[in-house]
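**Student:** I have a structure I would like to understand better, so I am pasting it below and will then ask my questions one at a time.
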Amino acid sequence: LLDLEARRPCLTVDEDRRRRLRMNHSATHLLHLALREVLGEHVKQAGSRVAENSLRFDFNHFEALTAEQIEEIEVRVNDMIRANFEVATQIMPLEEAKGAGATALFGEKYGANVRVVQIGQCSKELCGGTHVRRSGDIGVFSVVSEGAISSGVRRIEACAGASALRSVIEQ
């Protein structure tokens, strides 16, 4: 937005908050991939919330996760973070994106062209959100809790970056 009289921007972005949102948002993509790798291809995102200090990820699964599964998920996400993969975005036709293996959310309505976010060669999803430039920018990832929210739907609460480091220290 522009202040027409002063000819200067009226809107400012809190860069620190935006950076933390990017870390948590990109971490949700890696978490989704790790859940599918550890629990199986049946895992589908059922909702999410990204905040500056945490993330929440709801997904379809039929039973509680074991401590070993949660640990394996954390290890896989942190391995992808340390790999420091490039994060690339590309606009392409929806059918081309699906043909290229991009994950789409069931029930979402997409236009003819979509934005594909790819983290290295591992994660490829349709997404319009803000992301880090490299997976290493996330820093560290930590699962805070896991539980049921309804029949067949589980929820993981987690965090990335400095919030994750604080969580690990507290644990």
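The values are calculated or read from the model by the stated rules, or taken from the named source; none is laboratory data. Given the structure is predicted, the values throughout are model-derived calculations rather than measurements. A quick note on method: Cβ atoms are made from the backbone with ideal geometry, for glycine too, and the neighbour counts reach across all protein chains shown. Areas reflect the complete protein model, heavy atoms only, side chains present, ligands, DNA and RNA absent. Shrake-Rupley method; radii C 1.70, N 1.55, O 1.52, S 1.80 Å.
**Student:** Could you please give the count of residues in the range 132-171 that are surrounded by 13 or more Cβ atoms within 10 Å (Cβ to Cβ), assigned to a strand (DSSP E or B) and hydroxyl-bearing (Ser, Thr, Tyr)?
**Tutor:** Result for the range 132-171: 1.
**Student:** Right, here's the next one. When the range 64-96 is examined, which residues are found to be closer than 25 Å to Arg22 by Cβ, not in a helix (DSSP H, G or I) and not hydrophobic (A, V, I, L, M, F, W, C)?
**Tutor:** Correct list: Asn84, Glu86, Thr89, Gln90.
**Student:** On to the next question. I'd like to verify a number: residues in the range 117-128 that are open to solvent by less than 50 Å² (accessible area, probe 1.4 Å) and in contact with a Lys or Arg (Cβ under 6 Å, 6 or more places away or on another chain), how many?
**Tutor:** Residues that pass the stated criteria total 1.
**Student:** Got at least one residue in the range 54-62 being in a loop (DSSP other than H, G, I, E, B), open to solvent by less than 60 Å² (accessible area, probe 1.4 Å) and at pLDDT 95 or above?
**Tutor:** Scanning the range 54-62, I find at least one residue that is in a loop (DSSP other than H, G, I, E, B), open to solvent by less than 60 Å² (accessible area, probe 1.4 Å) and at pLDDT 95 or above, so the answer is yes.
**Student:** Turning to a different aspect of this structure: So which of Glu108, Glu86 is charged (D, E, K, R) and without any contact (Cβ under 8 Å) to a residue 24 or more places away in the chain?
**Tutor:** Matching residue, one of Glu108, Glu86: Glu108.
**Student:** Among the residues of the range 90-107, which ones are surrounded by fewer than 12 Cβ atoms within 10 Å (Cβ to Cβ) and more than 14 Å from His32 (Cβ to Cβ)?
**Tutor:** Ile91, Glu95, Gly99, Gly107
**Student:** Go through (1) closer than 15 Å to Val144 by Cα; (2) under 13 Å from the mean Cα position of the chain (by Cα) for Thr103 and report which single condition fails.
**Tutor:** (1)
**Student:** Still on this structure: With the structure loaded, tell me whether Asp79 is at pLDDT 95 or above and within 15 Å of Ser142 (Cα to Cα) or whether it fails that test.
**Tutor:** Considered against the rule, which asks whether it is at pLDDT 95 or above and within 15 Å of Ser142 (Cα to Cα), Asp79 comes out as yes.
**Student:** If you check Gly101 against the conditions, is it at pLDDT 90 or above, on the phi > 0 side of the Ramachandran plot and not in a strand (DSSP E or B)?
**Tutor:** When the stated conditions are applied, Gly101 passes them.
**Student:** Can you pull out the residues in the range 10-42 that are without any contact (Cβ under 8 Å) to a residue 12 or more places away in the chain and either at positive phi or open to solvent by less than 10 Å² (accessible area, probe 1.4 Å) (or both)?
**Tutor:** Within the range 10-42, Gly40 is the sole residue that qualifies.
Every residue, every condition in (1) over 15 Å from the mean Cα position of the chain (by Cα); (2) hydrophobic (A, V, I, L, M, F, W, C), yes or no:
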{"residue": "His32", "(1), (2)": "no, no"}
{"residue": "Ile81", "(1), (2)": "no, yes"}
{"residue": "Pro93", "(1), (2)": "yes, no"}
{"residue": "Tyr110", "(1), (2)": "yes, no"}
{"residue": "Ser123", "(1), (2)": "no, no"}
{"residue": "Gly136", "(1), (2)": "no, no"}
